[in-house]
Amino acid sequence: MAAVPGRALHYVFKIGDRAKNAFFFQTILGMKVYRHEEFTEGCEAECNGPYDNRWSKTMIGYGPESTNFVFELTYNYGVKSYEIGNDFGGVTIHSKDILAKAAEHSYPVVKQDGRNILASPDGYKFYVVESAPTSDPVQEVEIHVKDLAASRKYWHELLKMNVLEENAKSVLLTYGSNQASLRLTLLTEALDRAKAYGRIAFEIPGAAQLPLFEAVKAAGGTILKPLIQLDTPGKATVSVIILADPNDHEICFVDKEGFTELSQPDDTAGDQLTKYILKDPFQDK
């Protein structure tokens, strides 16, 4: 299979309290809500996990999805928390503002091994490098793997990501410049995805989806969802493939054409999120 012209889009976090997360991502990290969508039943691609209930997703970041890496906050009504495993490492953000905001609001910052670590309300780690970003402040997303060599082979040789740097403990990969990189870090203990497991998403041209699917199938890779069409009411239909790497990390590949139309920013998204938080019968007021 030829090189894949991909771009990292977002990482999916399951969250248990939208109000606390709205405060953390907007006020502490300084992100903006670009889309908010409500659904009455589970997603065919299990975007909200294995739940068939009312749920919402909120896309939040430092710029629109057409240019920036963002985070998809998925909320299942009535589920207040998720057991977190050790599969997710953390997010590296370059910013000169976050630590000051954290201090202003007495939000805890842990200093460990020379790094500034903030944990989201659900326990997801964010590593803050106190420097002005040269592009997207979101520089890296880190996931843990059991076998670094096998993982490198999967992501580099099969999914065609470029290796930026590597050592005995980690590999840093990307599909191109000016986008967030993916770091695979070797885990010295058993890997546990628990209930809070996430998913990373990339866009590729629609014409590249079938060759990718066929290549993964031929290699004996895990295909969680073959090429399917996902509809969002009132918005574009997107073609999606869901894979799992050798460590069962979920990977979503969407068609660039459909996703570009679907992901247009909504200026009312922040207000929509606030409205549904206030209306939520499960939300502590």
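The values are calculated or read from the model by the stated rules, or taken from the named source; none is laboratory data. The shown structure was predicted, so the numbers you read here are calculated from the model rather than taken from an experiment. Cβ placement follows ideal geometry from the backbone for every residue including glycine, while neighbour counts extend to all protein chains displayed.
Data table
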| item | result |
| --- | --- |
| Hits in segment 140-168 (condition: among the hydroxyl-bearing types (Ser, Thr, Tyr) and either over 19 Å from Gly85 (Cβ atoms) or touching a helix residue (DSSP H, G or I) at 6+ places or on another chain (Cβ under 6 Å) (or both)) | Tyr154 |
| Residues within segment 1-47 that are in a strand (DSSP E or B) and closer than 23 Å to Lys101 by Cα, tallied | 5 |
| Sole residue being in contact with a strand residue (DSSP E or B) (Cβ under 6 Å, 6 or more places away or on another chain), surrounded by fewer than 15 Cβ atoms within 10 Å (Cβ to Cβ) and either modelled with pLDDT of 95 or more or not hydroxyl-bearing (Ser, Thr, Tyr) (or both), chosen from Gln229, Gln272 | Gln229 |
| When residues of segment 44-86 are limited to those that are out of contact with any Asp or Glu (no Cβ under 6 Å at 6 or more places or on another chain) and small (Gly, Ala, Ser), the one surrounded by the fewest Cβ atoms within 10 Å (Cβ to Cβ) | Gly78 |
| Residue within segment 91-104 that is among the basic types (Lys, Arg), more than 17 Å from Ile200 (Cα to Cα), free of Cβ contacts under 8 Å to residues at least 12 places away in the same chain and not in a strand (DSSP E or B) present | no |
| Residue tally, condition in contact (Cβ under 8 Å) with a residue 60 or more places away in the chain and assigned to a strand (DSSP E or B), over segment 159-187 | 5 |
